[in-house]
Amino acid sequence: MTYVYRRYIFNVVKLIIFTYSPTGLGHLRVTDALAGARPADTSHVILGSFDKFMGWIHRVASINPIVKSIFISSQYGFFEDILAHVYRLFLVLGSKKISNQLLDIIYKHPNVDHFQIVATHPGLAHQIGAIKDKIAKRTGKKIDFIVQVTDDTYQHIWLVKGADLTIVPSAFVKYKIEDYAKSQGIKFVAEVVPYPIDIALTEYLPKGLDRSDTFKRVDTPINVIVPISGAAVGLMYLIELIQNLEKLSNRFNFWVIVRKASYTDFFITLLLRVSGVNIVVGKNDNEMINLYELIYQQNLIHLEITKPSEQSFKAIVEPSRVGGSVLLFAEPLGRQEIENVSFLRRHSLVKNIADVRFHQAGSLRSLILGKNARKAAGDIYRCATDGIFEEMSDPKYEFSPNSVKSGEVGSNGAKLFWEIVQKYFG
């Protein structure tokens, strides 16, 4: 586990410590969104820890149906309780390193009396929850501990003993974890806030730019971004999908963002042979996130092919915003992705691409692709030429009144996060 200083300021009153794991890059994306929206008078430090085992499991499960079945089954019922208990115990017993790193940060900022720790990964969260009070007593500092749940999932591992506040994306998840917390006799305080999206992606598009205009024409390039997750799952599916789309039309212009690693070299080599594909290679996790945002800021991205991980929540960003592209999801892998899709279904923001038709897509922000990459490519081409993507990209798009009333959609989740934190802790 390593930590890096993003910003170092002496004589600050409050210091925010973010902790994350780049498994799938989602935890880092959320961390960046929260860091970018934090109060202007605060400094911050970021602690990162990579769970190599979980990254390996995600890669293997994406290509091996037996491992995938075992992986998903272990996330429910009796097996979930056992694994959650063992995982917590393992994490708590291994918390000495994170304890020393937090103490090091605190001692290097002697003029800071108030520390706020924000965890975006359950692994580090359980370790911090076990040591927070001891560190506060040892240092005499005020320490608040906030957990941000990074999927719309009520997996038991997100009940963190010692957390002062947990932020969740939906009331459904809040109530589910509350019930579990009562059964375990664990204090659980939670608030519902729209999923935090980076402010660079929630800004309005420059005047005159309209995604829907592209789909009204027959010769305008359609920009498609394909971010590869930190665990690099589903690579062969993406290769086949891109190759088939390129055969169907030369309008598709791809931006594939991938991290340089031994398990992505073959993927990069194959795609370099496909016309219309721009390969953008990142050296590390931070560079991957920065490149992703830069491509959105410098190009009008119309479609994004991605996993229904934390990227699902870009569906709560309107088409009139920089990050408001139409989302095309691969098959869900793991419980959290399945439950993210359930969140989108509750808000009528997603539908299977094979079922969607013209004049039926006005409320949608995302589509789920089929398992067959060749057929999925045909469905994408149909949506691009039949007016479906045009409907989904309408700049006048508005979420339903019920969705707005729920407090679960909208582009201001990162800002609201800090308003809630201020209300609780000052």
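Miscellaneous remarks
- Note on region 150-167: residues that are among the aromatic types (Phe, Trp, Tyr) and touching a residue at least 60 places away in the same chain (Cβ under 8 Å) total 1.
- Residue that is nearest to Ala171 (Cα to Cα) [pool: residues in region 341-366 that are of a type in the set (Gly, Ala, Ser) and assigned to a loop (DSSP other than H, G, I, E, B)]: Ser348
- Residue satisfying all of: in region 312-327; among the hydroxyl-bearing types (Ser, Thr, Tyr) and surrounded by 23 or more Cβ atoms within 10 Å (Cβ to Cβ); farthest from Gln297 (Cα to Cα) among these: Ser312
- If you go through region 372-426 and keep only what is touching a Phe, Trp or Tyr at 6+ places or on another chain (Cβ under 9 Å), in a helix (DSSP H, G or I), β-branched (Val, Ile, Thr) and buried (at least 16 other Cβ atoms within 10 Å of the Cβ), you end up with Ile380, Ile388.
- Counted as qualifying within region 184-274 are the helices (runs of 4 or more DSSP H) with 3 or more residues that are in contact with a strand residue (DSSP E or B) (Cβ under 9 Å, 6 or more places away or on another chain) and over 24 Å from Val409 (Cα atoms), namely 235-248, 265-271.
- Residues of region 78-119 that are in contact (Cβ under 8 Å) with a residue 40 or more places away in the chain and of a type in the set (S, T, N, Q): Gln101, Asn111, Gln116.
Where a number appears in this text, it was derived from the coordinates with a stated rule and is not lab data. The shown structure was predicted, so the numbers you read here are calculated from the model rather than taken from an experiment. Every residue, glycine as well, gets a Cβ built from its backbone with ideal geometry; the counts of neighbours run over all protein chains shown.
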